[in-house]
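The values are calculated or read from the model by the stated rules, or taken from the named source; none is laboratory data. Since the structure is predicted, the reported quantities are computational estimates derived from the model, not experimental observations. Ideal geometry is used to build each Cβ from the backbone, glycine not excepted, and the neighbour counts take in all protein chains shown.
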Amino acid sequence: MQSVSYNVETAGESGSEPCLTADDLQKFLTANNIPSKIEQMPHEAASVEESAQALGICADRLVKSIVLWISEEYPIMVVAAGTRRINLSAVAKLLSVSRKKCRMCKPEEALLATGYRIGTIPPIGHRTVLRTLVDKSVMSAVEESAEDGLVYCGGGDLISQLVISPSELLKAANGEVVDILS
């Protein structure tokens, strides 16, 4: 895994690298030949339910990408069904750290680690390589509700969604399938 120094004090300040966008994500997908597409919603949505309605899909097909901070040292990516809650105690146990050492990233930390703002973060194509835990709910979401076998993830901006199969997501993220939901 790539070693990265994280300076959260300067994340997002003027002079730092600009935020990544849906165009940057598309370039990553193309450069890495990842079978997927970026779909535009007709408008911004404030919740999983609103996003599902705007896309005309079941909410279970929406996947969230959450950045966690571990031991105040490094970030990891957790990918899970958008309708479910991540169990931070389960994540901590999996990583062999105390629960107190596992927390949600602050917006500036997530931006620094991924290049994307909160609410737009895709599960892949980040500025830095992150260890990625993919909850088993992502793998089963399509079995239960999707005719085309695809899930929808953050796509780099507030109206874009990355549409990808769970198996391609897992492969592209070099992810580990785990059980970390409440």
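Might you let me know whether segment 44-63 holds any residue that is at pLDDT 95 or above and either of a type in the set (Phe, Trp, Tyr) or part of a loop (DSSP other than H, G, I, E, B) (or both)? Within segment 44-63, not a single residue is at pLDDT 95 or above and either of a type in the set (Phe, Trp, Tyr) or part of a loop (DSSP other than H, G, I, E, B) (or both). Among the residues of segment 129-150, write down those that are farther than 18 Å from Ile34 by Cα, assigned to a loop (DSSP other than H, G, I, E, B) and at pLDDT below 95. Result: Ala146, Glu147.
Can you find, within segment 17-72, the residue that is surrounded by the fewest Cβ atoms within 10 Å (Cβ to Cβ) among those that are among the basic types (Lys, Arg) and in contact with a Gly (Cβ under 9 Å, 6 or more places away or on another chain)? Give the derivation first.
Initially, segment 17-72 is screened for residues among the basic types (Lys, Arg), giving 27, 37, 61, 64.
Then keep just the ones that are in contact with a Gly (Cβ under 9 Å, 6 or more places away or on another chain); that gives 27, 61, 64.
Numbers: Lys27: 13, Arg61: 27, Lys64: 20.
Step by step, filter segment 17-72, then rank; the result is Lys27.
Selection of segment 117-140 for residues being closer than 19 Å to Leu95 by Cβ, in contact (Cβ under 8 Å) with a residue 60 or more places away in the chain and in contact with a Pro (Cβ under 9 Å, 6 or more places away or on another chain) yields Thr128, Leu130, Arg131, Val138. Among all positions in segment 72-92, there is no residue which is assigned to a helix (DSSP H, G or I) and of a type in the set (Asp, Glu). On inspection, Tyr152 passes the criterion of being aromatic (Phe, Trp, Tyr) and within 23 Å of Cys58 (Cα to Cα).
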